[in-house]
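Data first, discussion second: the structure below is written as structure tokens.
The values are calculated or read from the model by the stated rules, or taken from the named source; none is laboratory data. As the structure is a prediction and not an experimental result, all values here were calculated from the model. Quick reminder, even Gly has a Cβ in these numbers, built from the backbone with ideal geometry, and neighbours come from all protein chains shown.
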Amino acid sequence: MVAVGRKYVFDFDSTLTRVEALDVLAEMTLQGKSNREEVIDEIQKITNLGIDGDISFTESLERRIKLLTAHKNDLDVLVEELRQKISKSIASNKEFFEKFSDDIYVISCGFKEFIDPIVQEYNIPSDRVYANTFEFDEEGNIIGFDADNVLATHNGKIECLKNLDLDGEVQVIGDGYSDYVMREAGIAHKFFAYTENVHRDKAADNADHVTPNLDEFLFVNDLPRNISYPKNRIKILLLEDVHPVAFDNLSEDGFAVELVKTSLSEEQLIEKIKGVHVLGIRSKTQVTQNVLDAANKLLVLGAFCIGTTQIDLDYCKHKGVVVFNAPYSNTRSVVELAIGHIIMLMRNVFPRSTELHGGEWNKSAINSREVRGKNLGIVGYGNIGKQLSVLAEAIGMRVYYYDIEDRLALGNAVRCDTLEDLLNVSDVVTLHIDDNKANKNFIGEREINQMKHGAMLINLSRGFVVDIDALVSALKNGKLAGAAIDVYPEEPKGNGHFVTELQGLPNVILTPHLGGSTEEAQRNIADFVPNKIMDYINSGNTVDAVNFPNIRLPKQINAHRFLHIHKNVPGIMAKINEVLAKYDMNIIGQYLSTDMDLGYVISDLDKEYNKDVIKELRKIENTIKFRVLY
């Protein structure tokens, strides 16, 4: 066969559509029947046996038709249903089908009655669709199929393709073994196992290339496509057992995701991060300069938590790596734990509980007080501090707060001008300050001495903000009547043994850094952070980025999008536009945001571009990163 040009042969069921059409027809027509589920299961079982070549296709077809109780009128409804079930990446690459329609064929063991109306919308005419046809009785009931059609026979696709005698290189794209045999028989040059909807081992194991979506197929063949780089080639590494919903969200969007349950040491992460485009972590994993130097493909880093001190943010920016965190997702969880701690401390619950666990009944009102009417001092009046303020006031507490920024009071809360003023007046002090390294030992011996005698301290912020030695001393000498600590200066990387000087002290609640660890909070984070990651990868949006200029971009429509990250020095925009003008590129939208160190410019262009323009944009002096989105 002389190669004149490529021909593309597509399967229909589970390739062009997400489903097997006869299975859908069965579900529709058996609605309300008592044995519906049993019959559907049997039809699906027979379908898979035929697709995998375990029974002859003719037998598979005969057995399924017998189980169907369908009418010609049902086919119109089926077509409407199938229109809603076009494979995601097929639908997003409609332009390919329209542009290459003369070279595209559909060879299916399905039926023309429902295939033709679907593929016509993709510019594939009926005369390039090869499939079976139904037989009907006089009332229009489906009673069988045209047994003389070659596609109704075992390995009928081989005979069909052989009869077509196509010129050029023939590539087959399908999900089943019946598609692979065309390659095996030597009448197709390549077989692409299409696994977007179903992964069949028999097909994938024998494929020249496994293509999880049409984007991958188009990329490998350097054909026009909706996105410049297939998402399945974008590797995402999630550490520290992040909520499985994060894995699901990212996987469903087409990315290749690996989930690791633990944090990794610097040495382990340096080895693991090679080739990774997206890294997701929680609070234990340290992302250092050494790690970032080894991250040869890293585009974005997601912190599935509030804090970012474990990440070298400045060096991330230097490397053009965007960082997102979850500043709001676990707010309510932290606030509720703070409220619980306040009540448990004021009621002296934990000493009584410990005594009773040891068999000692000690019913007493001594050191047990209501929280109503007591003064709560909130240090740090951000998202958590404000919500705590509202709830504490709702249960009858008088709220005072201190923040280095000028923040508006909610409800009847009273702003204190100095930390000392707050400490002097509070019965309970709760800390909700950020992870700035300058906050180390923010509460030390001097600050504790400024607190009321018999007051209580709660720390749900960062372990290093409290001088533990000073706190232990104050608890032992009676200056403080209790404390609740959720965070510690040094915490283990995983569950196991832990030691602190606070252990064994009465009326001290110790929790293992679980302020934000509720199912609801972790679920919220698993939605929020992946959405930010996907928004950046898919469109270039940096809204809510911790270390990057924030840009909210309009949806990209019929345009190429060039994303250019560079050092913030004069003249970069002029150089970018000079290159675009040189190659006669028409800019339909351009967006720029900068900070002191870095500039981020997005250019939307409305015409095909010469790849040399990309090389020149990458070579502009002070360029940090450049990528293209179709």
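For this structure, a couple of remarks:
- For the range 92-134, filtered to residues that are surrounded by fewer than 19 Cβ atoms within 10 Å (Cβ to Cβ) and among the small types (Gly, Ala, Ser), the residue that is farthest from ILE227 (Cα to Cα) is SER126.
- Set THR47, THR17, THR58: member being assigned by TED's automatic domain parsing to the domain that holds TYR122, hydroxyl-bearing (Ser, Thr, Tyr), under 20 Å from GLU113 (Cβ atoms) and out of contact with any Lys or Arg (no Cβ under 9 Å at 6 or more places or on another chain): THR58
- Filter result (in a loop (DSSP other than H, G, I, E, B) and more than 18 Å from GLY515 (Cβ to Cβ)) within the range 455-492: ASP467, ASN477, GLY478, LYS479
- The set of residues in the range 276-285 being part of a loop (DSSP other than H, G, I, E, B) and either β-branched (Val, Ile, Thr) or at pLDDT 95 or above (or both) consists of VAL276, HIS277, THR285.
- Residue tally, condition in contact (Cβ under 8 Å) with a residue 24 or more places away in the chain, farther than 22 Å from ASP165 by Cα and charged (D, E, K, R), over the range 77-119: 9
- Identity of the residue in the range 135-191, polar (S, T, N, Q) and crowded, with 22+ Cβ neighbours inside 10 Å, that ends up nearest to ARG64 (Cα to Cα): SER178
- Qualifying residue in the range 141-153 (condition: of a type in the set (D, E, K, R) and modelled with pLDDT under 95): yes
- Failed condition for THR58, given (1) in contact with a helix residue (DSSP H, G or I) (Cβ under 7 Å, 6 or more places away or on another chain); (2) modelled with pLDDT of 85 or more: (2)
- Within the range 297-350, tally of residues that are among the aromatic types (Phe, Trp, Tyr), buried (at least 24 other Cβ atoms within 10 Å of the Cβ) and under 27 Å from ALA365 (Cα atoms): 0
- Selection count, the range 570-618, where residues are in a loop (DSSP other than H, G, I, E, B) and either in contact (Cβ under 8 Å) with a residue 60 or more places away in the chain or surrounded by 15 or more Cβ atoms within 10 Å (Cβ to Cβ) (or both): 4
- If the condition is being touching a Pro at 6+ places or on another chain (Cβ under 9 Å) and among the hydroxyl-bearing types (Ser, Thr, Tyr), then the range 547-606 contributes TYR591, SER593, THR594, TYR600.
- Restricting ILE270, ILE236 to residues that are within 26 Å of LEU214 (Cβ to Cβ) and of a type in the set (A, V, I, L, M) narrows the list to ILE236.
- Within the range 397-418, restricting attention to residues that are in contact with an Asp or Glu (Cβ under 8 Å, 6 or more places away or on another chain) and among the small types (Gly, Ala, Ser), the residue that is farthest from GLN450 (Cα to Cα) is GLY411.
- The set of residues in the range 76-91 that are assigned to a helix (DSSP H, G or I) and under 16 Å from ARG225 (Cβ atoms) comprises LYS88, SER89, ILE90, ALA91.
- ASP146 being without any contact (Cβ under 8 Å) to a residue 60 or more places away in the chain and either in contact with a strand residue (DSSP E or B) (Cβ under 8 Å, 6 or more places away or on another chain) or under 27 Å from ARG83 (Cα atoms) (or both): yes
- Scanning the range 232-246 for residues that are buried (at least 16 other Cβ atoms within 10 Å of the Cβ), touching a residue at least 60 places away in the same chain (Cβ under 8 Å) and part of a helix (DSSP H, G or I) returns a single hit, ALA246.
- Residues that are surrounded by fewer than 20 Cβ atoms within 10 Å (Cβ to Cβ), assigned to a loop (DSSP other than H, G, I, E, B) and either out of contact with any Asp or Glu (no Cβ under 9 Å at 6 or more places or on another chain) or in contact (Cβ under 8 Å) with a residue 60 or more places away in the chain (or both), drawn from the range 286-296: ASN296
- The condition of being within 36 Å of the chain's Cα centre (by Cα) and either in the same structural domain as GLU159 (by TED's automatic domain parsing) or at pLDDT 95 or above (or both) holds for only one of ARG83, ARG128, that being ARG83.
- Test: residue in the range 264-283 that is crowded, with 18+ Cβ neighbours inside 10 Å, within 21 Å of ALA326 (Cα to Cα), over 14 Å from the mean Cα position of the chain (by Cα) and of a type in the set (Lys, Arg): yes
- Given (1) β-branched (Val, Ile, Thr); (2) farther than 27 Å from PHE247 by Cβ; (3) surrounded by fewer than 19 Cβ atoms within 10 Å (Cβ to Cβ), number of the condition VAL508 does not satisfy: (3)
- Residue match in the range 378-392 (condition: of a type outside the set (A, V, I, L, M), over 37 Å from the mean Cα position of the chain (by Cα), under 19 Å from MET456 (Cα atoms) and in the same structural domain as LEU480 (by TED's automatic domain parsing)): no
- Odd one out for HIS566, checked against (1) closer than 19 Å to LYS615 by Cβ; (2) outside any strand (DSSP E or B): (2)
- Residue match in the range 538-545 (condition: farther than 22 Å from SER92 by Cα and among the hydroxyl-bearing types (Ser, Thr, Tyr)): yes
- Checking the stated criteria, ILE343 turns out not to satisfy the condition of being of a type in the set (A, V, I, L, M) and more than 43 Å from the chain's Cα centre (by Cα).
- Here LYS493, LYS567 are screened, and the one residue that is under 35 Å from the mean Cα position of the chain (by Cα), within 30 Å of PRO230 (Cα to Cα) and surrounded by fewer than 21 Cβ atoms within 10 Å (Cβ to Cβ) is LYS567.
- Single residue of the range 157-208 satisfying the filter (of a type outside the set (A, V, I, L, M, F, W, C), part of a helix (DSSP H, G or I) and in contact (Cβ under 8 Å) with a residue 24 or more places away in the chain) that is farthest from SER14 (Cα to Cα): LYS162
- Among strands (runs of 3 or more DSSP E) entirely within the range 311-420, having at least 2 residues that are free of Cβ contacts under 8 Å to residues at least 60 places away in the same chain singles out 375-379, 398-402.
- Looking only at the range 581-630, and only at residues there that are hydrophobic (A, V, I, L, M, F, W, C) and touching a Gly at 6+ places or on another chain (Cβ under 7 Å), the one that is nearest to ILE557 (Cα to Cα): LEU629
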